[in-house]
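Chemist: This is the structure, below, for whatever I ask next.
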Amino acid sequence: MTSVDGILNINKPPGRTSFSVVSFVKRLSGVRRVGHAGTLDPAATGVLPVCLGQGRRVVSFLHDTAKVYKAQVELGVTTDSYDATGNITATGDPSGVSRKQLISALGSFRGLIQQTPPMYSTIKHGGRPLYELARAGIEVERKSRPVQIYRLELRRWQPPVATIEVECSKGTYIRSLAYDLGQLLGCGAHLKSLTRLKYGCFSLEDAVSLPQLEDGFRHGYWQQFVYPIDIVFQDWAAVVVDDAAEADVRNGRPVELKPGDSPQPGVGRLRVYNGDGRFLGLLQFNREKGHWRPEKVFSRA
């Protein structure tokens, strides 16, 4: 098996599951441990970070970053899945919806909102994914949960389709946003198409397509597309430590930073490197004990 640690920024095409993309990478790369961050529905496209080797250990940090989506919302038709793949459950007349009304309605969803996940989702109920229950014709009550909509803009209005751009927190369902928008406008709506434009530090402009990646596998240059693990933490403060402190980091012991290496007051986390520039891991400040401790350590790959 090949040993590679890092992250691929893949432009997922429509019609493929996120899991199938992982299987594709695993099969052609020869890397044993491969996973993805942030599932995209089969019909959706765009940025899908695929993590290899130790890159899988940063998935939780990626989940906490903001995502940006471009979505087409079609007014007048509601489906059971809240998107174009579902069965139509209701129709309405969107002809009376003006651009001004649409912009005003979108404003209701900015900021911290409560959102109810769709039945067709991977959230589990009684140990079973909701989508399994939905396919069996069973609908259960779902608890709403808080999500943050940082930015929500109308990009195009071609009745009955509104193209919007959404920047949001983890846990946000754009399908639910489309459904809720239709309910607020009184005519119903569903998600017609979805593209993830950005996921944390990864953007669609820099994403590699599957045909490009396959060519890289075939001709032996695919690792050029692999980003280093520490790119996920590029906005964090960084510190370089000496050999003694490196040994402390690698062995999970508290780390004493030199006065000149200490970050600005209030900084609670650091990325740490050795003198050769090798990324060692992450440090977290223990305020109670007044020292830095290794939060996550990466082995010598």
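Chemist: Specify the angular offset, from 0 to 90 degrees and rounded to the nearest 10, of the alpha carbon long axis of helix 174-185 from the longest principal axis of the alpha carbons in the chain.
Modeler: For 174-185 against the chain, the angle is about 40 degrees.
Chemist: Could you tell me which of PRO129, THR45, ALA238 has its Cα farthest along the dipole of the chain towards the positive end, charges placed at Cβ (Lys, Arg +1; Asp, Glu -1), taken about the Cα centre?
Modeler: Value computed over the given set: PRO129.
Chemist: Explain nothing, just compute: Karplus ³J(HN,Hα) = 6.51 cos²θ - 1.76 cosθ + 1.60, θ = phi - 60°, for every residue of the range 282-294 in order, whole Hz, x for Gly and Pro.
Modeler: Result, ordered by residue: 10, 10, 10, 7, 8, 5, 5, 9, x, 9, 8, 10, x Hz.
Chemist: Shifting gears a bit: With unit charges on the beta carbon (Lys/Arg positive, Asp/Glu negative), name the residue among SER20, ALA207, LEU102 whose Cα is farthest towards the positive pole of the charge dipole of the chain.
Modeler: The listed residue farthest towards the positive side: SER20.
Chemist: Same structure, new question: Please give the per residue volume of the convex hull enclosing the alpha carbon atoms of the chain, rounded to a whole number of Å³.
Modeler: 168
Chemist: What's the magnitude of the charge dipole for the range 106-262 around its Cα centre, counting Lys and Arg as +1 and Asp and Glu as -1 at the beta-carbon? Answer in Debye, nearest 20. Don't skip to the end; give the middle numbers.
Modeler: Working: 19 positive and 19 negative charges, 213 e Å.
Dipole of the range 106-262, to the nearest 20 debye: 1020 debye.
Chemist: Something else: Once the Cβ-Cβ distance between ILE103 and LYS124 is put in as r, and R0 is 30 Å, what FRET efficiency do you end up with, to the nearest 0.05?
Modeler: That gives a FRET efficiency of 0.25.
Chemist: Still on this structure: Pairs to check: LYS143/LYS170; LYS258/LYS289; LYS12/LYS192; LYS12/LYS198; LYS12/LYS124. Give those whose C-alpha atoms are more than 21 Å from each other in this structure.
Modeler: Over 21 Å Cα-Cα: LYS12/LYS124.
Chemist: How far is the Cα center of the range 1-48 from the Cα center of the range 64-92, in Å?
Modeler: 24
Chemist: Aspartates and glutamates within cross-link reach of LYS67: Cα-Cα under 12 Å, excluding same-chain residues under 8 positions apart?
Modeler: Cross-link targets: GLU165, GLU167.
Chemist: Still on this structure, please answer the following. Given the Cα-Cα distance of LYS143 and ASP242 and 0.36 nm per residue of separation, how much length would full extension add, in nm?
Modeler: Details: separation 99, 0.36 × 99 = 35.64 nm, distance 4.99 nm.
Contour length minus Cα-Cα distance gives 30.6 nm.
Chemist: Right, something else. On full extension of the chain, what length is gained from SER20 through THR91, given 0.36 nm per residue of separation minus the C-alpha to C-alpha distance?
Modeler: Stretched fully, the SER20-THR91 segment lengthens by 22.2 nm.
Chemist: Project the alpha carbons of the range 1-132 onto their principal axes and report the range along each, largest first, in whole Å.
Modeler: Dimensions of the range 1-132 along the principal axes of its Cα atoms: 60, 30, 30 Å.
Chemist: Something else: If you take the charge dipole of the chain about its Cα centre, with +1 on Lys and Arg Cβ and -1 on Asp and Glu Cβ, which of GLY220, SER193, THR116 is farthest toward its positive end?
Modeler: Farthest towards the positive end: THR116.
Chemist: Moving on to the next point. How would you classify the range 67-194 from its alpha-carbon gyration tensor, with a ≥ b ≥ c the square roots of the eigenvalues: rounded for a/c under 1.5, else prolate if a/b is greater than b/c, otherwise oblate?
Modeler: oblate
Chemist: What do you get for the angle between helix 18-29 and the principal long axis of the chain? Use alpha-carbon atoms, 0 to 90 degrees, nearest ten.
Modeler: Helix 18-29 sits at roughly 40 degrees to that axis.
Chemist: Sum up the charges of everything whose Cβ sits under 11 Å from the Cβ of CYS187, counting Lys and Arg as +1 and Asp and Glu as -1, but leave CYS187 out.
Modeler: Net local charge, CYS187 excluded: -2.
Chemist: By count of other Cβ within 10 Å, fewest leading, how are HIS219, HIS190 ordered?
Modeler: HIS219, HIS190
Chemist: Follow-up question, since we're still on this one. In debye to the nearest 20, how big a dipole does the range 67-194 give about its Cα centre with +1 on each Lys and Arg Cβ and -1 on each Asp and Glu Cβ?
Modeler: 440
Chemist: Rounded, prolate or oblate: which fits the range 156-301, taking a ≥ b ≥ c as square roots of the Cα gyration tensor eigenvalues, rounded meaning a/c under 1.5, else prolate when a/b beats b/c?
Modeler: oblate
Chemist: Now, a different point. For the chain, with only Lys/Arg (+1) and Asp/Glu (-1) charged at the beta-carbon, what is the dipole magnitude about the Cα centre, in debye rounded to 20?
Modeler: Dipole of the chain, to the nearest 20 debye: 400 debye.
Chemist: Moving on to the next point. Measuring from the lowest to the highest alpha carbon on each principal axis, how far does the range 236-297 reach, largest first, in angstroms?
Modeler: 29, 20, 19
Chemist: Given H placed 1.01 Å from N in the peptide plane, which residues other than close sequence neighbours of LYS296 have an amide H under 5 Å from its amide H?
Modeler: LEU282
Values in this text are rule-based calculations from the coordinates and carry no lab data. No experiment lies behind these values; they were computed from the predicted model shown. Ideal geometry is used to build each Cβ from the backbone, glycine not excepted, and the neighbour counts take in all protein chains shown.
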